[in-house]
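Everything below concerns the one structure shown next.
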Amino acid sequence: MSDEDYVYDEASGEWRPASELSQPESVVVRDASGTVLADGDSVVLVKDLKVKGAGQTLKQGTVIRSIRLTDNPEEIDCRHDTIKGLVLRTEFVRKR
């Protein structure tokens, strides 16, 4: 075996096979009620939210379509008719 087959894992302090570490960890994103969210899902707001920078409030029950998951499991990227580039916390949405 060559040196390229092993990678140093700083978390464990051990040399591990590269194939073992190259598998990406899947992040599970859950809404306020614990339901798993995926890209393209539609969600509903569970409370009124004041949107910083937009000067408006999104009301409870507003439907947001075609969400996109981010690297942070507590945030989703989405678009609303009047607000582009909207990022919502998952604690304020419920899967439709």
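Rule-based calculations on the coordinates, nothing more; no lab input. Since the structure is predicted, the reported quantities are computational estimates derived from the model, not experimental observations. Here the Cβ positions follow ideal geometry from the backbone for every residue, glycine too, while neighbour counts run over all protein chains shown.
Remarks
- Options [x] 1.53; [y] 1.43; [z] 1.47 - which one matches Cα Rg over 2.2 N^0.38 Å as calculated here: [x]
- Percentage relative contact order, the chain, counting C-alpha pairs under 8 Å, at least six apart: 25
- Put a plus charge on the Cβ of each Lys and Arg, a minus charge on the Cβ of each Asp and Glu, and nothing anywhere else: the dipole of the chain about its Cα centre is then about 1320 debye.
- Taking Cβ atoms as reference points and 14 Å as the exclusive limit, the residues near Ile83 contribute a net charge of +4, counting Lys and Arg as +1 and Asp and Glu as -1.
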